[in-house]
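Student: Provided herewith is a single structure, encoded as structure tokens, for subsequent inquiry.
No lab work stands behind these numbers, since they all come straight from the coordinates. Fair warning: this is a prediction, and the values are worked out from it, not measured in the lab. Here Cβ is always computed from backbone atoms with ideal geometry, including for glycine, and neighbour counts include all displayed protein chains.
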Amino acid sequence: MTRAAAWWLTLSVLGAGACGDDDGGAPRDDAGAPDASTLDAASPPPAPTVTIRGALADLLGATPFEPIEVCVHERPDIPCVHTDDEGAYALAGVPADSDIALTLRDGANAYQPELLPLHTPAVDITFSPRILETELVGQLEDRAGVSLDPARSVVLFYASAGPSGGLPGVSAELVPDDAEALAYVTSSLSVSTTATETTMAGMGLFLDVPEGEHRLRFSYEGRACAATPGSWEGDEPGELRAPSVAGYWVVVGQSGCATP
């Protein structure tokens, strides 16, 4: 995705030029001085914004049975919204061409709170993520043999080759490497902490990640994956950034691995 050019602040000063008067054109002591009443420091144009809209669903594609609150993380000036009976939402006033993060959570604790890093374009977009029921989180802990720390996060990544589904053979690296464990989702939708790459499920999880910004690097068939459009891009080619926030599952998509 092409980044927009930087915004420049322009200051306009309007002044009245000096004129002769009725004294035969004799110069005035204040000739050329601008009239203070005509000085105008133009206000900067409002920052451009976009609307993000979509419809939420669970992992099986069903509409959430609880309203989900959708917010922009650490932006209390942008009003949050709630999904309707069909899981639809529309979040207005989101900064354009910016790295933001959406948060998804419900009031009944039926779903796992999620945080989704997203780089907004210059136009309105449709974004329809999936949400995970808290019951499934407990099942995952049992299968992985871990007990997740609520003071840390889980970074879940999904490698895909497009609409066809998950991409097997993708390995992931977290920088700094301070997660408690790395688990890959198996083809039978169990989890394995001994696997070294994705299966047809295309998913993996960094468990108990300390708070702070992290970088993710992906490799496929011996080469680094390309950058994913709409992600927080890192400093190195194909590198993604993601903020770890306590209590959230941070969900990152990687669709650039099948790109030559």
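Student: With θ set to phi - 60°, apply the Karplus curve 6.51 cos²θ - 1.76 cosθ + 1.60 along the range 180-190 and write out the HN-Hα couplings as whole Hz, x wherever there is a Gly or Pro.
Tutor: Per-residue couplings from phi come out as 5, 6, 10, 10, 10, 7, 7, 5, 8, 6, 8 Hz.
Student: How do the peptides 137-144, 117-124 rank, highest first, by the average count of neighbouring beta carbon atoms within 10 Å per residue?
Tutor: 117-124, 137-144
Student: At what distance in nm do the modelled label points of Ala246 and Phe65 sit from each other, each positioned 7 Å from its Cα along Cα→Cβ?
Tutor: With each label placed 7 Å out from Cα toward Cβ, I get 3.2 nm.
Student: In nm, to one decimal, how far is the modelled label at Thr51 from the one at Ala151, with both set 7 Å along Cα→Cβ?
Tutor: About 4.3 nm separates the two model spin labels.
Student: Also, quick follow-up: In percent, how large is the relative contact order of the range 47-130, given Cα pairs closer than 8 Å and 6 or more residues apart? Don't jump to the answer; show the numbers that get you there.
Tutor: Details: 187 pairs, mean separation 33.3, N = 84.
The value is 40 percent.
Student: So, one more: Using a Förster radius of 30 Å, what is the FRET efficiency between Asn109 and Arg130 based on their Cβ-Cβ separation? Nearest 0.05, please.
Tutor: My answer for the efficiency is 0.95.
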